[in-house]
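Okay, structure first, notes after.
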Amino acid sequence: MSYIPKSLTNNNLFTNGGEFIDSTGKPYSGPYHQLFNGQIYSGNTPLEPTKQLLGIVPKDESPNQVVNTPTNLEYSNLRPQNQELFEYGKNPTSFIPQPKGKDYQRGQIERYFAKKRNETPSRILEINQSTYNDIITQSGKYNYALWQVVKVFWKISGPLNDTRNPNGVVVAGIVDTNERLVNFTNKEFRGIKQYLSNLIQFSIRPSLELISNQYTSGDQLTVKSDNSSYIGNYHIMADGTIMDRETHEKSVGITLLPANVVVQKQINTLVNEALGNLGATSNQSLALSTPSDLSYSAT
């Protein structure tokens, strides 16, 4: 069995009954856990050897509704003439995320997807959160019997690939992180890997000049190649890389590094604030408390 990080599961839950049904349609009571994609299993953790996939009992179950159990879904695939029994509730519609400044500041967004259970090859749609929640909770507005949904965490800011900062700490990259998440999700939601082939979709490109026209009089920045002190103008890229000259267009390709931990924290603060201001109607001028010449003006 594949390893699932604890951060992606909600373990050690318990139900007294009335919420879930097992694969045979019988009510389930006892311990259960929930994966990051919304799927619910019996047992305290994913390591439970006898775990079973559980279905959610519809809130307003009526005689013309078919309970969403693995057995019923399998029967539906074998007997397509009975598909009309499953045709209740609307089909989800496509949705395009619009990340905001606070999302880039946080570094990630949540994306939601749906595909038909009885369609081969599966047609995947990106949906909004409210549609995802309705299908997961089987509220009835959308056709939860025919549509399978999943939630994916999606990194949108930072370096392109996993790197190490000057202190040796690994900084997760956009491409590497999204590839790991997509590969993990594809194990239970087949087809998502092909759908999410653009691993930098919605992301801040490292080539984007985020902060320009900065100046340091020395002691704050050093030249990466020879560790010499840097005096002059500099700019900061979207992935946090500090470079020479006022703008990227004028740069001669010299990479700069913070001279100490204090300056590193100040640079991080500037980058986070600039990311948070993306899409704002007007740019704000912010300044570091010390040193005074490490000021900020968003591009």
How about the range 107-121: which of its residues are touching a residue at least 12 places away in the same chain (Cβ under 8 Å) and either open to solvent by 80 Å² or more (accessible area, probe 1.4 Å) or in contact with a helix residue (DSSP H, G or I) (Cβ under 9 Å, 6 or more places away or on another chain) (or both)? G107, Q108, I109, E110, Y112, F113, A114, K115, R117, N118, P121
Residue satisfying all of: in the range 187-197; among the basic types (K, R) and part of a loop (DSSP other than H, G, I, E, B); least open to solvent (accessible area, probe 1.4 Å) among these: K187
Restricted to the range 165-186, and to residues that are assigned to a loop (DSSP other than H, G, I, E, B) and within 17 Å of the chain's Cα centre (by Cα), which residue is surrounded by the fewest Cβ atoms within 10 Å (Cβ to Cβ)? A172
Of all residues in the range 162-196, how many are over 24 Å from Q105 (Cα atoms) and not aliphatic (A, V, I, L, M)? 12
Does F202 satisfy the condition of being open to solvent by less than 80 Å² (accessible area, probe 1.4 Å), over 22 Å from N165 (Cα atoms), in contact (Cβ under 8 Å) with a residue 60 or more places away in the chain and in contact with a Pro (Cβ under 7 Å, 6 or more places away or on another chain)? yes
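Restricting to the range 239-262, count the residues that are out of contact with any strand residue (DSSP E or B) (no Cβ under 7 Å at 6 or more places or on another chain) and either touching a residue at least 40 places away in the same chain (Cβ under 8 Å) or assigned to a loop (DSSP other than H, G, I, E, B) (or both).
7
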Residue by residue through the range 208-230, note down the ones that are under 30 Å from V175 (Cα atoms), touching an Asp or Glu at 6+ places or on another chain (Cβ under 9 Å) and not β-branched (V, I, T). L208, E209, L210, S212, N213, Q214
Can you list residue pairs whose Cβ atoms sit under 7 Å apart, with the first residue in the range 135-150 being open to solvent by less than 30 Å² (accessible area, probe 1.4 Å) and the second being of a type in the set (F, W, Y) and in a loop (DSSP other than H, G, I, E, B)? Count only pairs 6 or more apart in sequence or on different chains. I135/Y144; Q138/Y144; N143/Y88; V150/F189
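The values are calculated or read from the model by the stated rules, or taken from the named source; none is laboratory data. Predicted model only: the values in this text are computed from it and were never measured. All Cβ positions, glycine included, derive from the backbone under ideal geometry; neighbour counts span all protein chains shown. SASA here: full protein model, heavy atoms, side chains in, ligands and nucleic acids out. Shrake-Rupley method; radii C 1.70, N 1.55, O 1.52, S 1.80 Å.
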